[in-house]
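Visitor: Sharing a structure, written as structure tokens. Questions coming.
The values are calculated or read from the model by the stated rules, or taken from the named source; none is laboratory data. Source: prediction; values computed, not measured. Neighbour counts are summed over all protein chains in view; Cβ atoms, including those assigned to glycine, are modelled from backbone coordinates with ideal geometry.
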Amino acid sequence: MDTAATTQEQCVLVTGGAGFIGSHTVVELLKDGYSVVIVDDLSNASEKVLDRIDTIVGEEAAKNLSFYRADVCDKEALAYIFDNNTITSVIHFAGYKAVGESVAKPIEYYTNNLASTLTLVDVMREHGCKSIIFSSSATVYGDPDVLPLTEASPKKNATNPYGWTKWMIEQILTDLHSSDPEWNVVLLRYFNPIGAHPSGLMGEDPKGIPNNLVPYVAQVAVGKRDAIHVYGNDYDTHDGTGVRDYIHVCDLASGHAAALKWMDGRSGVEIFNLGTGKGSSVLDVITSFSAACGKELPYVMEPRRAGDVTANYANCIKAKELMGWEAQFNLDDMCRDSWNWQSNNPNGYEG
Ligand code: UD1
């Protein structure tokens, strides 16, 4: 007997749904026919993204979206959301995510990221909802011995509190399943999400000076910053600069939709890498972005950044074999869409 429900019968709670990856995933889910409830405290996101989502998905699908401004640590607020919506599964993105800040503010990072997750699963349990996808990170692999990374590669020590929260939340959700095998847990380990929605209506909007490479490159391209700082050119890679597996945020979003379909009617704990399987260096990114924006972008070489690994990229065969998902976009597509977003919205959502 097929116990899987149609997407129209399912309502997905998306924590952090107004953020970069969350908003792109919400678009994907609405297009697939799900009802979606976003809970986001807007501490690192703009309410304007909600109108952009509506524009992209159109009036009909937009009727299936609701938004609650609340902190996921707020148990009463979460219980209210579950009391007033028949949530069938949860995708949990909400959390603090700045690596450097996490080193300076470990208490805030551990408190926020762990307490919100514990509150969420507690309320889920009380409402009989036991299906969760968690936004994890390739950071749990630490400095890898063997590439590409498979889901069976060992978890290693994280290099910062942000990474540890991902590491620990994976463990918490795994323990939860051990305690009650009805839980249905999918841990998605993202590699480096970049790009933006091809419409140019949604993209990454970091506050202050970007920590991550591509948002920084995009701000140099649009004239907000002078030059890219390349952290290290003495790594053992094809051109000496660090290598990462960059993945288009829309591919990441479709990976969540694929996971939701795949997990429907199951229980267990399953881990999937979401990447492209291809490693690109910092200089590869600069070359591709320069082509996208039509000018040579200036860069300066700097010493290595503490905590950075030489290279990491994914083996994504498991996601393809089990969920039928694989990334569609290449680095040039990602840079083209990042540039389209940045040039149309030089000041992000506030522009
Ligand atoms: C970082 C986090 C990772 C997190 C991810 C989210 C660390 C150690 N890791 O990954 O935990 O999940 O962001 O997207 O911070 N680079 C430059 N100049 C810059 C910025 C970066 O040369 O201004 C280089 C880095 O040295 C690295 C590459 O670009 O080789 C990518 O860096 P970044 O975009 O910050 O991502 P990660 O460090 O891979």
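Visitor: Residues Val282, Val214, Val220: which one is within 21 Å of the chain's Cα centre (by Cα) and farther than 30 Å from Gly324 by Cβ?
Guide: After ruling out the rest, the residue left standing is Val282.
Visitor: Could you pull out the residue among Asp284, Asp234 that is assigned to a loop (DSSP other than H, G, I, E, B) and modelled with pLDDT of 95 or more?
Guide: Asp234 is the lone residue from the list that is assigned to a loop (DSSP other than H, G, I, E, B) and modelled with pLDDT of 95 or more.
Visitor: Taking the options Leu187, Leu176, name whichever one is in contact (Cβ under 8 Å) with a residue 24 or more places away in the chain, in a helix (DSSP H, G or I) and either in contact with a Cys (Cβ under 8 Å, 6 or more places away or on another chain) or over 26 Å from Lys295 (Cβ atoms) (or both). Outline the logic, then answer.
Guide: On the way: Leu187 fails: in a helix (DSSP H, G or I).
Residue meeting the stated conditions: Leu176.
Visitor: Among the listed residues Asn211, Asn192, identify the single one that is within 24 Å of Pro144 (Cα to Cα), within 16 Å of the ligand (Cβ to nearest atom) and modelled with pLDDT under 95. Steps first, please.
Guide: Working: Asn192 fails: modelled with pLDDT under 95.
On inspection, the qualifying residue turns out to be Asn211.
Visitor: For the range 322-343, how many residues are out of contact with any Asp or Glu (no Cβ under 7 Å at 6 or more places or on another chain), buried (at least 20 other Cβ atoms within 10 Å of the Cβ) and in a loop (DSSP other than H, G, I, E, B)?
Guide: 1
Visitor: Quick test of your reading of the structure: Ala306 fulfils all but one of (1) surrounded by 14 or more Cβ atoms within 10 Å (Cβ to Cβ); (2) within 16 Å of the ligand (Cβ to nearest atom); (3) at negative phi; (4) not aromatic (Phe, Trp, Tyr). Name the failing condition by number.
Guide: Every condition holds for Ala306 apart from (1).
Visitor: Take the conditions within 16 Å of the ligand (Cβ to nearest atom) and either closer than 22 Å to Asp239 by Cα or under 21 Å from the mean Cα position of the chain (by Cα) (or both) and apply them to Leu274. Does it pass?
Guide: yes
Visitor: Ala319 passes all but one of (1) part of a helix (DSSP H, G or I); (2) within 27 Å of Thr159 (Cα to Cα); (3) more than 18 Å from the chain's Cα centre (by Cα); (4) away from the ligand (no atom under 16 Å from the Cβ); which number fails?
Guide: With respect to (1) part of a helix (DSSP H, G or I); (2) within 27 Å of Thr159 (Cα to Cα); (3) more than 18 Å from the chain's Cα centre (by Cα); (4) away from the ligand (no atom under 16 Å from the Cβ), Ala319 is out only on (3).
Visitor: Determine whether the range 52-69 contains at least one residue that is of a type in the set (Val, Ile, Thr) and within 23 Å of Ala98 (Cβ to Cβ).
Guide: No, because not a single residue in the range 52-69 is of a type in the set (Val, Ile, Thr) and within 23 Å of Ala98 (Cβ to Cβ).
Visitor: Would the range 214-221 turn up any residue that is away from the ligand (no atom under 13 Å from the Cβ), among the hydroxyl-bearing types (Ser, Thr, Tyr) and either more than 20 Å from Leu331 (Cα to Cα) or not in a loop (DSSP other than H, G, I, E, B) (or both)?
Guide: no
Visitor: Looking at (1) within 22 Å of the chain's Cα centre (by Cα); (2) away from the ligand (no atom under 16 Å from the Cβ); (3) surrounded by fewer than 18 Cβ atoms within 10 Å (Cβ to Cβ); (4) not polar (S, T, N, Q), find the lone condition where Arg266 falls short.
Guide: Every listed condition holds for Arg266 apart from (1).
Visitor: Restricting to the range 237-255, and then to whatever is within 8 Å of the ligand (Cβ to nearest atom) and either assigned to a loop (DSSP other than H, G, I, E, B) or of a type in the set (Val, Ile, Thr) (or both), can you tell me which residue is farthest from the chain's Cα centre (by Cα)?
Guide: Taking the range 237-255 and keeping what is within 8 Å of the ligand (Cβ to nearest atom), we get 241-244.
Narrowing further to those that are either assigned to a loop (DSSP other than H, G, I, E, B) or of a type in the set (Val, Ile, Thr) (or both): 241-243.
On the way: Thr241: 24, Gly242: 21, Val243: 19 Å.
Among them, the one singled out is Thr241.
Visitor: A follow-up question, please. Please find, within the range 121-149, the residue that is farthest from the ligand (Cβ to nearest atom) out of those that are β-branched (Val, Ile, Thr) and under 17 Å from Cys73 (Cβ atoms).
Guide: Val123
Visitor: Considering the range 54-103 alone, what residues qualify as being part of a helix (DSSP H, G or I), more than 22 Å from the chain's Cα centre (by Cα) and acidic (Asp, Glu)?
Guide: Listed by number, the residues that qualify are Glu59, Glu60, Glu76, Asp83.
Visitor: Exactly one of these conditions fails for Gly195: (1) over 15 Å from the mean Cα position of the chain (by Cα); (2) crowded, with 16+ Cβ neighbours inside 10 Å. Give me its number.
Guide: (1) is the only condition that Gly195 fails.
Residues are listed down the side, and each one gets a yes or a no for (1) closer than 17 Å to Asp245 by Cα; (2) of a type outside the set (A, V, I, L, M, F, W, C):
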| position | (1), (2) |
| --- | --- |
| Tyr109 | no, yes |
| Asp122 | no, yes |
| Cys129 | no, no |
| Ile133 | no, no |
| Val146 | yes, no |
| Ser153 | yes, yes |
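Visitor: Pairs under 6 Å by beta carbon, first residue of a type outside the set (Gly, Ala, Ser) in the range 121-138, partner in a loop (DSSP other than H, G, I, E, B) and more than 16 Å from the ligand (Cβ to nearest atom), six or more apart or different chains?
Guide: Note: pairs meeting the criteria are Cys129/Ile87; Lys130/Glu182; Lys130/Trp183.
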